[in-house]
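Asker: One structure, pasted below without further comment.
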Amino acid sequence: GDALVGSWQGDVAGLDVAVWMRSGEEWTRSPSTGTPLQGTRASVVAALAAAAAPDGLIITGWVYGTAPGGTQVPVVWRAPAPGGPWTREALPAAGGRGSAMSVRCSDGGRDDAGRDGVCVVAGQVDGNLALWRTEAEGGWTRVPGLPSLPVDESVRLPAPLLRPDGVDQVV
């Protein structure tokens with residue numbers, strides 16, 4: 001069904017990632033408390049983009065650890081339906097500070113490796129372009145070999161463009 005993704009004042013601390021679902025003409029916010037969408041005093045959360053995924057809904061963003069030495073980690077939240085249950089997965093960053101800024105998933109077609117239903121996330125790590133893609137076993141891998149292209153974290157990267165034989169990213 002239809003969903004809206006954003007932020008809402010959390011019950012514990014700061015903002016939570018929030019998901020509203022439509023039923024007829026009404027929009028209802030699903031509770032974030034007690035789910036991976038919840039922000040806490042130990043980890044601040046932010047959603048930056050969302051898309052339909054082959055297995056439900058995917059949200060991209062970041063989590064910032066507030067402990068001394070904490071850093072901003074690019075993450076995705078996934079659910080089989082907008083109402084959950086939600087999981088949160090840190091994307092392999094191999095850097096200091098990062099964010100997952102946009103996402104596109106195939107509609108079930110095969111990618112260049114013959115896999116069905118691939119998702120690709122665009123973002124930045126330490127101020128440079130980063131791309132991640134789903135793995136056949138369900139995890140994520142960072143796309144290797146990208147040129148060093150500066151990406152300011154305040155810029156909104158468009159979602160990657162998926163082709164049967166690869167991925168294009170506008171920067």
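The values are calculated or read from the model by the stated rules, or taken from the named source; none is laboratory data. The model shown is predicted, which means the values in this text are computed figures rather than measured ones. Note that we place each Cβ from the backbone using ideal geometry, even for glycine, and neighbour counts take in every protein chain shown. Note: areas computed on protein heavy atoms with side chains; ligands, DNA, RNA excluded. Shrake-Rupley method; radii C 1.70, N 1.55, O 1.52, S 1.80 Å.
Asker: Anything in the stretch 128-142 that is part of a loop (DSSP other than H, G, I, E, B) and either modelled with pLDDT of 95 or more or of a type in the set (D, E, K, R) (or both)? List them, or say none.
Answerer: E135, E137, listed by residue number.
Asker: So, in the stretch 151-161, how many residues would count as being open to solvent by 40 Å² or more (accessible area, probe 1.4 Å) and either closer than 19 Å to L91 by Cα or out of contact with any strand residue (DSSP E or B) (no Cβ under 7 Å at 6 or more places or on another chain) (or both)?
Answerer: Residues in the stretch 151-161 being open to solvent by 40 Å² or more (accessible area, probe 1.4 Å) and either closer than 19 Å to L91 by Cα or out of contact with any strand residue (DSSP E or B) (no Cβ under 7 Å at 6 or more places or on another chain) (or both): 6 in total.
Asker: Then there's this: Which of the residues spanning the stretch 47-67 are surrounded by fewer than 20 Cβ atoms within 10 Å (Cβ to Cβ) and free of Cβ contacts under 8 Å to residues at least 60 places away in the same chain?
Answerer: Within the stretch 47-67, A52, G56, Y64, G65, T66, A67 qualify.
Asker: Is one or more of the residues making up the stretch 6-15 touching a Phe, Trp or Tyr at 6+ places or on another chain (Cβ under 6 Å) and open to solvent by 40 Å² or more (accessible area, probe 1.4 Å)?
Answerer: No, the stretch 6-15 contains no residue that is touching a Phe, Trp or Tyr at 6+ places or on another chain (Cβ under 6 Å) and open to solvent by 40 Å² or more (accessible area, probe 1.4 Å).
Asker: On to the next question. Residues of the stretch 37-48 being in a strand (DSSP E or B) and of a type in the set (G, A, S), which ones?
Answerer: If the condition is that a residue be in a strand (DSSP E or B) and of a type in the set (G, A, S), then S43, A46, A47 are the ones that fit.
Asker: For residues that are in contact (Cβ under 8 Å) with a residue 40 or more places away in the chain and open to solvent by 20 Å² or more (accessible area, probe 1.4 Å), scanning just the stretch 31-46, find the one that is nearest to R97 (Cα to Cα).
Answerer: This residue is P36.
Asker: Restricting the first residue to the stretch 1-30 and requiring it to be without any contact (Cβ under 8 Å) to a residue 24 or more places away in the chain and part of a strand (DSSP E or B), which pairs with a second residue that is open to solvent by less than 50 Å² (accessible area, probe 1.4 Å) and among the acidic types (D, E) meet a Cβ separation below 9 Å and a spacing of at least six or different chains?
Answerer: Short answer, once both residue conditions are applied: Q9/D16.
Asker: Got a sec? Which strands (runs of 3 or more DSSP E) wholly within the stretch 49-94 have at least 3 residues that are closer than 17 Å to S7 by Cβ?
Answerer: The qualifying strands (runs of 3 or more DSSP E) are 56-65, 72-79.
Asker: Determine which single condition V76 fails, assuming it passes every other condition in (1) touching a residue at least 40 places away in the same chain (Cβ under 8 Å); (2) open to solvent by 10 Å² or more (accessible area, probe 1.4 Å); (3) touching an Asp or Glu at 6+ places or on another chain (Cβ under 6 Å); (4) not hydroxyl-bearing (S, T, Y).
Answerer: So the condition that V76 fails would be (2).
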